[in-house]
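Colleague: Could you have a look at this structure, given as structure tokens, before my questions?
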Amino acid sequence: MTTSPNRSPETIAAQAGGAIDAATGAIVPPIHITTTYERDADLGYARGYVYGRPHNATIHQTEAVITELEAGRETLLFAAGMAAATTAFLALEPPAHVIAPNVMYWSLRHWLRTAAPRHGIEATFVDTRDLDQIRVAIRPGATRLVWLECPANPLWHITDIAAAVRIAHDAGALVGVDSTCASPVLTRPIALGADVVMHSATKYLNGHSDVLAGSLTFADRAPAQALAERAAAHRAGLGSILGPFEAALLLRGLRTLFVRVARQSASALAIAGTITRNPAVAEVLYPGLPGHPGHDIAARQMQRGFGGMLSIRCAGGEAAAIATAARLAVWKRATSLGGVESLVEHRASIEGGNSPCPADLLRLSVGLEDPADLIADLEQALR
Ligand SMILES: *Cc1c(COP(=O)(O)O)cnc(C)c1O
């Protein structure tokens, strides 16, 4: 793989990190499906590859691209975003106290509440937009990690990452950021001081709703590197590494990341600005709108746009939200986000019982369709 230091992230993504195959000159790198590697006559492994559970060239190539995009030191790819996120917590070497946002990706919140305590992880949930709540929740000497999500599902809360990092680092805690909904196109948390950035690569990084994958990218700082080492050991021990075919699809998806996210952000802004005037909509939640409480921080913290995710609260309550989703034709009803196709989701009903999500809320993931079609479909459904 050839690397040159001064390429912009867009060039790195489009060229998959310069992944031209050294042996043949292939512009698209081959997929390495081997599970094992030849051992040297002296029983060493001079080429560095031993066995497929920790080592695979297609995985490493894809990890290298994400590392460059996130301006980190190294990346680990996992079989799902949840495998990546939970490994970040398990690699703390519990017992550990952690702080997490009270608005965050539902399944990870559920894991922190139900499974993490059995692993010696105790989570305190606070509104991370309010830095004083982070300060108060920190237990000096015991808090090991402050977890942030930005923008945070599904209300699109914006946390000031750099400010939260200062508080956490002063107390000796690491900072992890679930940056799935921002993608490295819009926000680079490591440049803001974070120690580890997590993606559900299932979403924007792959972008085509056809791969489950997750990533952790670690900063070039000693405590982050120590966490990376333990996370790699967990991945090898659990066998939670991504498969090579999935990694090759992900590498292909990454090539179009910047054009996809730029277009999705522009369309989302146009949609948010238009439906905000619809009388059937009580509130549009989108960090790109000047009235959003996190708009000023988002304008500083996000480049090139405010992302492709927004939510609407229906004036007619839950029944109106469900009826609106039922009338949509261009938007497809499905969970997940960040794909080329636009999706609508009634979050409260999929999250179930103790969901903090308002029942009148519809979450919209904006795809690559003509934004005029998306707006017309929403307007006919919002009646
Ligand atoms: C989807 C998602 C996850 C979990 O990722 P999977 O790939 O589904 O395991 C975590 N965080 C956010 C913000 C997500 O949207």
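Colleague: Which value in Å is the Kirkwood Rh of the chain over different Cα pairs?
Modeller: 21.4 Å
Colleague: Summing -39500 (n - 2.57) over the DSSP H runs of n ≥ 4 in the chain and dividing by its residue number, what mean residue ellipticity at 222 nm do you reach, to the nearest 500 deg cm²/dmol?
Modeller: Taking each H run of at least 4 residues, the total per residue is -11000 deg cm²/dmol.
Colleague: May I ask for the angle, rounded to the nearest 10°, between helix 222-238 and the longest principal axis of the chain, with both axes built from Cα atoms and the value confined to 0 to 90°?
Modeller: 80 degrees
Colleague: Next question. Would you mind getting me the FRET efficiency between Val50 and Arg230? Use the beta-carbon distance for r and R0 = 25 Å, nearest 0.05.
Modeller: So the FRET efficiency works out to roughly 0.85.
Colleague: Under unit Cβ charges (Lys, Arg +1; Asp, Glu -1), what dipole magnitude, rounded to 20 debye, does the chain have relative to its Cα centre?
Modeller: 220 debye
Colleague: Can I ask one more? With an 8 Å cut-off on Cα pairs and a minimum separation of 6 or more residues, tell me the relative contact order of the chain in percent.
Modeller: Relative contact order for the chain comes out at 16 percent.
Colleague: Of Gly207, Gly338, Gly25, which is the most mobile in a GNM of the chain whose springs link Cα atoms less than 10 angstrom apart?
Modeller: Gly25
Colleague: Would you pull out the residues with amide H under 5 Å of Glu149's amide H, same chain only if 5 or more places away, H placed 1.01 Å from N?
Modeller: Close amide H contacts, sequence-distant or interchain: Asp178.
Colleague: How far is helix 244-255 tilted off the main Cα axis of the chain, in degrees rounded to 10, range 0 to 90?
Modeller: Tilt of helix 244-255: around 60 degrees.
Colleague: List the residues, sorted by chain then number, that are 5 or more residues from Arg333 or on another chain and whose placed amide H is less than 5 Å from its amide H.
Modeller: Those qualifying (amide H under 5 Å, at least 5 residues apart or on another chain) are Val344.
Colleague: Note down the relative contact order for the range 257-382 as a percent, whole number, built from C-alpha pairs under 8 angstrom at least six residues apart.
Modeller: 28 percent
Colleague: Once both axes come from the Cα atoms, what is the angle between helix 317-327 and the longest principal axis of the chain, in degrees from 0 to 90, rounded to 10?
Modeller: Taking Cα atoms only, the helix is inclined about 70 degrees.
Colleague: As I understand it, the dipole of the range 208-280 uses +1 on the Cβ of Lys and Arg and -1 on the Cβ of Asp and Glu, about the Cα centre. Which of Ile275, Ala224, Gly253 lies farthest toward its positive end?
Modeller: Checking the options against the dipole of the range 208-280, the answer is Ile275.
Colleague: Most mobile of Arg113, Arg347, Arg363 per a Gaussian network model of the chain (Cα springs, under 10 Å)?
Modeller: Arg113
Colleague: Now for a different question. What percentage of all Cα-Cα pairs in the range 89-149 are separated by more than 13 Å?
Modeller: 57 percent
Colleague: Kindly write out, for the range 99-115 in residue order, the coupling ³J(HN,Hα) from the Karplus curve 6.51 cos²θ - 1.76 cosθ + 1.60 (θ = phi - 60°), rounded to whole Hz, with x marking Gly and Pro.
Modeller: 10, 9, x, 7, 10, 7, 3, 4, 5, 6, 4, 4, 5, 5, 7, 9, 9
Colleague: Answer with one residue from Leu361, Ile322, Gly305: the one whose Cα lies farthest towards the positive end of the charge dipole of the range 257-382, charges on Cβ with Lys, Arg +1 and Asp, Glu -1.
Modeller: Gly305
Colleague: Something else now. Ranked highest first by average number of other Cβ atoms within 10 Å, how do 10-19, 69-78, 280-289, 176-185 line up?
Modeller: Highest to lowest by the protection proxy: 176-185, 69-78, 280-289, 10-19.
Colleague: Please list log₁₀ I(q)/I(0) at q = 0.10, 0.14 Å⁻¹ for the range 257-382, using the Debye equation with identical point scatterers on the alpha-carbon positions.
Modeller: -0.28, -0.56
Colleague: Turning to a different aspect of this structure: Choose one answer from Asp370, Asp220, Asp296: the residue with the largest mean-square fluctuation in a GNM of the chain with alpha-carbon springs under 10 Å.
Modeller: Evaluated over the chain, the most mobile residue of the options is Asp370.
Colleague: For His110 and Thr34, FRET efficiency with R0 = 45 Å and r from the beta-carbon atoms, rounded to 0.05?
Modeller: 0.75
Read the figures in this text as sums done on the coordinates, not as results from a lab. From a predicted model like this one, the values you see are computed outputs, not experimental measurements. Every residue, glycine among them, receives a Cβ derived from its backbone with ideal geometry; neighbour counts consider all protein chains shown.
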